[in-house]
Structure formats: structure tokens, C-alpha cells
Amino acid sequence: QVQLVESGGGLVQAGGSLRLSCAASRKISSTRVMAWYRQAPGKERELVAEVTRGGTTNYAESVKGRFTISRDNAKNTVYVQMNNLKPEDTAVYYCFAGYQGLGYWGQGTQVTVSS
């Protein structure tokens, strides 16, 4: 079992920034992919950003140019830096860790962007 603990969420005004962190209880260097997803009320969970073991990143179109995902294998932590936040970014953000054959989710952290 792998525990993922997210932090860094909160309330911010439009145009502001937040950095979310996700600390894993197991080495993330062995993951295929680390990712951030989000789920807004009444909507399906969607991929926000992901980073592969090799460092390749992928972003949702809606966050390109504003969000940056990174991973620190030494700290077993993945981050997402979110700049120029918009009200439509309001959601619960979930960390995902994809190990060989198994995936794990964090409990989520709320991000609320006021207009």
C-alpha cells in the first residue's frame, strides 16, 4: 500500500498562485507516472498534468502555460505550480501515483479561486 498526502490547497483570488505538493510513502522513482487530477462539483475527474519516470510532461489544454508539474525523487514528492489561477480551476485536486500494475490516489486537496 502507498500513502499519498497532498497539501498546499486553499482559497486564492483570480490571478493568484498556489503550489500543491504530494508526498508519497514509497519511492516515486519506480513509478511509471505521477499525475495531478481534479474534480469540480458535478463534473468528472480530469487529468491536469502528468510527469513520467523519464521526465516527459503532459498538460490539459486548459492549464498549459499556467501550471507546471515537477517531481523530486529524492523527496518522494511531486508538485504542481499553478499560476494565473482562474475561477474555473476551482476543484478538489488529487495526486495519482502509477506504479507497475497498480495506481494509488491521494485524499484530495481543495483549491478555490474567487473572482
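The values are calculated or read from the model by the stated rules, or taken from the named source; none is laboratory data. Treat the numbers as computed from the prediction; the structure is a model and nothing was measured. Cβ: placed from backbone, ideal geometry, glycine included. Neighbour counts: every protein chain shown. The area values use the complete protein model at the heavy-atom level, side chains included, leaving out ligands, DNA and RNA. Shrake-Rupley method; radii C 1.70, N 1.55, O 1.52, S 1.80 Å.
For the reader, a short list of remarks on this structure follows.
- For F96, the stated conditions hold: it is in contact (Cβ under 8 Å) with a residue 40 or more places away in the chain, under 21 Å from Q39 (Cβ atoms), buried (at least 20 other Cβ atoms within 10 Å of the Cβ) and touching a strand residue (DSSP E or B) at 6+ places or on another chain (Cβ under 6 Å).
- Residue count for segment 43-73 under the criterion of being modelled with pLDDT of 95 or more, open to solvent by 50 Å² or more (accessible area, probe 1.4 Å), part of a loop (DSSP other than H, G, I, E, B) and not β-branched (V, I, T): the result is 5.
- Among the residues making up segment 98-115, a single one is in contact with a Lys or Arg (Cβ under 8 Å, 6 or more places away or on another chain) and either in a helix (DSSP H, G or I) or small (G, A, S) (or both): G98.
- Looking across segment 99-108, just one residue is open to solvent by less than 20 Å² (accessible area, probe 1.4 Å) and closer than 19 Å to G42 by Cα, and that is G108.
- Count of residues meeting criterion [open to solvent by 20 Å² or more (accessible area, probe 1.4 Å) and out of contact with any Asp or Glu (no Cβ under 8 Å at 6 or more places or on another chain)] in segment 25-39: 6
- Selection within segment 1-42 - part of a loop (DSSP other than H, G, I, E, B), in contact with a Lys or Arg (Cβ under 7 Å, 6 or more places away or on another chain) and at pLDDT 95 or above: G8, A14
- Of all residues in segment 52-68, those that are free of Cβ contacts under 8 Å to residues at least 40 places away in the same chain and farther than 22 Å from K86 by Cα have Cβ atoms under 8 Å from Cβ atoms of residues that are part of a loop (DSSP other than H, G, I, E, B) and open to solvent by 50 Å² or more (accessible area, probe 1.4 Å), 6 or more apart or on another chain, in T52/R32; R53/R32.
- In segment 81-92 there is at least one residue matching the filter, namely being assigned to a helix (DSSP H, G or I) and open to solvent by 20 Å² or more (accessible area, probe 1.4 Å).
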